[in-house]
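The values are calculated or read from the model by the stated rules, or taken from the named source; none is laboratory data. For clarity, every value in this text was computed on a predicted model and none was experimentally measured. Using ideal geometry, Cβ is built from the backbone for each residue, glycine included, and neighbour counts are taken over all protein chains shown. Areas reflect the complete protein model, heavy atoms only, side chains present, ligands, DNA and RNA absent. Shrake-Rupley method; radii C 1.70, N 1.55, O 1.52, S 1.80 Å.
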Amino acid sequence: MTAQRVLLNLALPAPGYAGPVIRDAGIVIKDGRIAAAGSVRDLDLPEAAEQLDCGGRLATPALVDCHTHLVHGGERSGEFRMRLEGRSYAEIARAGGGILSTVAATRALSVDELVETALPRLDHLLAEGVGTVEIKSGYGLEVEAELDMLRAARALSDHIKVRIRTSWLAAHAVPPEYRDRRQAYIDEVVIAGLRAAHAEGLVDAVDGFCEGIAFSVDEMAQVFEAATALGLPVKLHAEQLSDLGGAALAARHGALSADHLEYLSEADAAALAEAGTVAVLLPGAFYTLRETQAPPVAALRKTGARMALATDCNPGSSPLTSLLLAMNMGATLFGLTVPECLEAVTVNAARALGLEGEVGTLAPGAAADIAIWDVADPAELVYRIGYNPLWRRIYEGQDA
Ligand code: DI6
Ligand code: FE
């Protein structure tokens, strides 16, 4: 017998989250996937199915957080204090703080400890209706420690119902032991480690931090070539603090996404659109670093680039575990519209992970990952600050 379930008495967002919601709607779930969704008048309701009355509440796809550094050791409230006292993020990084202090804290933890310390953060994300989370390595910076981060990331779904996608981010910073041997770091850790991680089935995509304080476009190109040779998709932290041309590199490699993008040029916004590379905007980092240059949303919109929003949950530049707040910031700080914010954490975020059609949509065939909210209109999900209206989270058809 197939497991069938029907959610009834729902409101559903209009296509593209534009226009009035569809009332008296339902969702038919079969074997953990969406069989049909829409007005009950048009639905073929199976007889033997379990029914759930949703009391007129709004259903959306479970949200997708497509950029996090959720697995890491320690925390950096000390640096937060220093920044409040006037030191800059780049200055603290150059002085051995920043990413490198989290590297020391991460290397000190076992896989089990990495899992245990990440779970409370994951709980917070999921409590707001998230069903899929991307998690990067990048705080190990040696092969085994990087592998351990991804082993921990994968192990999280043994504890909570969540879909995890992992990204290899050994090109996040050069560790002290390789300071004067950057090329050796790229060869021995970034690329050799990638091969080992891929052989262990730990990698869904390959990422890098392309920035003055991290890796150059030429260095990232080497990493991308290694990824492509393994058949792995790429993505890139680009144009966060300066315009180095990382987004153009990502576009040339058909990247899934280019992320941050505060310093993206108009020409490179067009390159992203042309390549179908999702522009992932990370307002939590913009806010935390008190950045004043917002990403060029008007240019992205004009060129037709797809925009996503994510938490960038990390201990330094974005200690944020609320995707609802990321949406609100996307609207208020970056000027995204309500439909843009909703697409940014559903369909476009799914695309940024290579999961378009699988999650982030209520279309037939998608995984039945659904968030049901105590709100009348999707705009409320963007508008409120610090309020969680989630009523129920459904993961692959089951209450989660
Ligand atoms: N960009 C970021 O905002 C994070 N990593 C990156 O490449 C910051 C990571 C950190 O400060 O620990
Ligand atoms: Fe990041």
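Considering only protein heavy atoms, what per residue accessible area in square angstrom results for segment 120-163 with a 1.4 angstrom probe?
Per residue, segment 120-163 has 29 Å² of solvent-accessible surface.
Where does each of 368-375, 120-127, 329-336 land if you order them by average Cβ count within 10 Å, highest first?
The peptides rank, most packed first, as 368-375, 329-336, 120-127.
Within the chain, count lysine pairs with alpha carbon atoms under 29 angstrom apart where the residues are 8 or more positions apart or belong to different chains.
Close lysine pairs found across the chain: 5.
What does the helix-only formula give at 222 nm for the chain: each DSSP H stretch with n ≥ 4 adding -39500 (n - 2.57), the total divided by the residues, and the result rounded to the nearest 500 deg cm²/dmol?
Taking each H run of at least 4 residues, the total per residue is -9500 deg cm²/dmol.
Counting Lys and Arg as +1 and Asp and Glu as -1, what is the net charge of the other residues whose Cβ lies under 14 Å from the Cβ of Ala305?
-3
Taking the Cβ of Met82 as the centre, find all other residues whose Cβ is under 15 Å away and add up their charges (Lys, Arg: +1; Asp, Glu: -1).
The answer is +2.
Relative contact order for the chain: what is it in percent, counting Cα pairs under 8 Å that are at least 6 residues apart?
Computed over the chain, the figure is 19 percent.
Sort out for me the Cα centre separation of segment 85-121 from segment 334-400, rounded to whole Å.
Going from one Cα centre to the other spans 30 Å.
Remind me, relative contact order of segment 108-204 in percent, using alpha carbon pairs under 8 angstrom and six or more residues apart?
So the answer I get is 30 percent.
Could you please state how large a percent of the accessible area of the chain is carbon and sulfur, counting protein chains only and using a 1.4 Å probe?
Working: 7620 of 15120 Å².
For the chain, the apolar C and S fraction of the accessible surface comes to 50 percent.
Along Cα→Cβ, 7 Å out, is where each label goes; now give me the distance between the ones at Ala229 and Asp399 in nm to one decimal.
Once both label points are built, they end up 5.2 nm from each other.
Rounded to whole Å, give me the distance from the Cα center of segment 2-29 to that of segment 138-164.
34 Å
Could you give me the ³J(HN,Hα) list for segment 281-290, computed from phi with Karplus coefficients 6.51, -1.76, 1.60 and θ = phi - 60°, whole Hz, x at Gly and Pro?
Result, ordered by residue: 9, 10, x, x, 6, 4, 5, 5, 7, 6 Hz.
Helix 217-229 against the longest principal axis of the chain: what's the angle in degrees, Cα atoms only, rounded to the nearest 10?
60 degrees
With angles folded into 0 to 90 degrees, how steeply does helix 266-275 sit against the dominant principal axis of the chain? Use alpha carbons for both and round to 10.
For helix 266-275, the angle is close to 60 degrees.
Mind checking the angle between helix 143-155 and the chain's longest principal axis? C-alpha axes, 0 to 90 degrees, to the nearest 10.
Orientation of helix 143-155: about 10 degrees from the principal axis.
If you stretched the chain out fully between Ala298 and Ala155, how much longer would it get, using 0.36 nm times the residue separation minus the C-alpha to C-alpha distance?
Between Ala298 and Ala155, full extension yields an extra 47.5 nm.
Which value, in debye to the nearest 20, describes the size of the charge dipole of the chain about its Cα centre when Lys and Arg Cβ atoms bear +1, Asp and Glu Cβ atoms bear -1, and nothing else is charged?
460 debye
Give me, ordered by chain and number, the residues 5 or more places off His67 or on other chains with an amide H under 5 Å from its own placed amide H.
Those qualifying (amide H under 5 Å, at least 5 residues apart or on another chain) are Glu134, Thr311, Asp312.
Quick one: Karplus J couplings for segment 103-120, per residue in order, coefficients 6.51, -1.76, 1.60, θ = phi - 60°, nearest Hz, x for Gly and Pro?
4, 4, 5, 6, 4, 6, 9, 7, 4, 4, 5, 5, 5, 4, 7, 7, 4, x
Label points 7 Å out from Cα along the Cβ direction at Asp112 and Ala221: separation in nm?
Between Asp112 and Ala221, the simple spin-label model gives 4.7 nm.
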